[in-house]
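Here the structure is laid out as structure tokens; the discussion comes afterwards.
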Amino acid sequence: MRAMRAETFSGYEGLKLIELPKPAVTKGKVLVRITAAGVTPLDHTILSGKFHGSKPPLVLGNEGAGVVEDGGGTDFPVGSRVMFFGAYGAFEDGTYREWVSVRKEDLCLIPDNVDDVSAAGIPVAYLTAQVALTLAGFRAGKTVLAPAIGGSIGNAVTQLARALGAKHAISSTTNHAKAEQAKALGFNEVIDTSLEKLGDGVRRITSGYGADIVIDGIGGDVLSEALGALASEGRVTTLGYSASRKTTIDVTNLIVPQASIRGLNMFAQPKAAIADAWKVIVSLLKSGAIKPIVAKTFPLTEAATALRYLVEGRPFGRVVLEI
């Protein structure tokens, strides 16, 4: 089978098209023919040699969608369309290939109203978003801030919070064109940080109240600024660092409002938490309350170009490989 494998962790040039044996079906595993694979910032972090625990050679791809070919039993019959997320592409070979042997507990049936390309970009973003909201104590009526509306986590958190009854589901962008695009797509609480500071925008939208919950997938200065937008007893969850691993914070932004900050590692989440998150996500997908946004697709052989487009082009929406 064809696969795009990182022979070395040396940047885009490390990705090579190779031939690998088709995976065998073993106990507890389901053979899935991959139709689409999501391209994520984590793939770039790994390919750059900046992720702990990953070792080359490694087939990248943390999430995917496809069709069950064998081993699914009655839960996932042959021919079922499925999507999944797990340690794939980080600690074992991932979805940048034609077949994957997937742990049964990682699979989720794709709703009929969702196509495979859209489904491939759902697991990482929406599972992370839902788990983060749950751990932060989200409930209807809360105000949520998730910076970077064009990014996978920012967009997924904003959609989920809005669908689940948030009083305000706020996001941001540094790009004026993206701000206009967000409005055209129905995201009406997006702060254009080329025109105003993040904290000022949150205070404006909330009439001075601030954000009960911040889910930050960016890191760097964005995390620092988001801390200054917290409401009393607000909670910040940080889970990404595409902007930077380092930031400087004003501790009074935590002390004065008696706020808290925590990290989230999706690889460390219990299976029950993932299963609960899938239930919420699938229900909202079926009703149309949330809808993944795909910016562009690429063929498998152009995985390096797709990853470069994601990282350097900073598109609005997901980048997906069609296989």
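The values are calculated or read from the model by the stated rules, or taken from the named source; none is laboratory data. Since the structure is predicted, the reported quantities are computational estimates derived from the model, not experimental observations. Cβ placement follows ideal geometry from the backbone for every residue including glycine, while neighbour counts extend to all protein chains displayed. Ligands, DNA and RNA are stripped out before the accessible areas are found, and what is left, the full protein with its side chains, is counted by its heavy atoms. Shrake-Rupley method; radii C 1.70, N 1.55, O 1.52, S 1.80 Å.
Quick check on my filter: what residues within segment 274-305 are more than 16 Å from the chain's Cα centre (by Cα), small (Gly, Ala, Ser) and surrounded by 13 or more Cβ atoms within 10 Å (Cβ to Cβ)?
Ser283, Ala289, Ala303, Ala304
Return yes or no: is Val102 assigned to a strand (DSSP E or B), of a type in the set (Val, Ile, Thr) and in contact with a Ser or Thr (Cβ under 7 Å, 6 or more places away or on another chain)?
no
Scan segment 153-164 and tell me whether some residue there is of a type outside the set (Asp, Glu) and in a loop (DSSP other than H, G, I, E, B).
yes
When residues of segment 37-59 are filtered for being in a loop (DSSP other than H, G, I, E, B) and in contact (Cβ under 8 Å) with a residue 40 or more places away in the chain, how many remain?
The total comes to 5.
Given the criteria surrounded by 14 or more Cβ atoms within 10 Å (Cβ to Cβ) and within 23 Å of Gly186 (Cα to Cα), does Val311 qualify?
So Val311 does not fit the description; no.
Would you call Lys50 within 19 Å of the chain's Cα centre (by Cα) and open to solvent by 10 Å² or more (accessible area, probe 1.4 Å)?
yes
Considering only segment 254-303, state which residues are part of a loop (DSSP other than H, G, I, E, B) and not small (Gly, Ala, Ser).
Scanning segment 254-303 gives Val256, Pro257, Gln258, Leu264, Asn265, Gln269, Pro270, Ile290, Lys291, Pro292, Ile293.
How many residues, within segment 243-253, are surrounded by 13 or more Cβ atoms within 10 Å (Cβ to Cβ), assigned to a loop (DSSP other than H, G, I, E, B) and more than 20 Å from the chain's Cα centre (by Cα)?
Residues meeting the conditions: 2.
Anything in segment 162-182 that is more than 22 Å from Ser242 (Cα to Cα) and either touching a Pro at 6+ places or on another chain (Cβ under 8 Å) or surrounded by 23 or more Cβ atoms within 10 Å (Cβ to Cβ) (or both)? List them, or say none.
Ala166
Among what's in segment 127-152 and is of a type outside the set (Gly, Ala, Ser), open to solvent by less than 10 Å² (accessible area, probe 1.4 Å) and part of a loop (DSSP other than H, G, I, E, B), pick the residue that is farthest from Gly64 (Cα to Cα).
Step by step, filter segment 127-152, then rank; the result is Pro147.
When segment 69-99 is examined, which residues are found to be outside any loop (DSSP other than H, G, I, E, B) and farther than 18 Å from Lys22 by Cα?
Selection gives Arg81, Val82, Met83, Phe84, Phe85.
Restricting to segment 1-15, and then to whatever is out of contact with any Ser or Thr (no Cβ under 9 Å at 6 or more places or on another chain) and open to solvent by 10 Å² or more (accessible area, probe 1.4 Å), can you tell me which residue is nearest to Val82 (Cα to Cα)?
Met1
Please verify whether Gly38 is open to solvent by less than 40 Å² (accessible area, probe 1.4 Å), over 27 Å from Asp116 (Cβ atoms) and under 22 Å from the mean Cα position of the chain (by Cα), treating the condition exactly as stated.
no
At pLDDT below 95, of a type outside the set (Ser, Thr, Tyr) and outside any loop (DSSP other than H, G, I, E, B): which single residue out of Val202, Val222 fits that description?
Val222
Out of Phe76, Phe91, I need the residue that is aromatic (Phe, Trp, Tyr) and more than 28 Å from Arg314 (Cβ to Cβ). Which one?
Answer to the check: Phe76.
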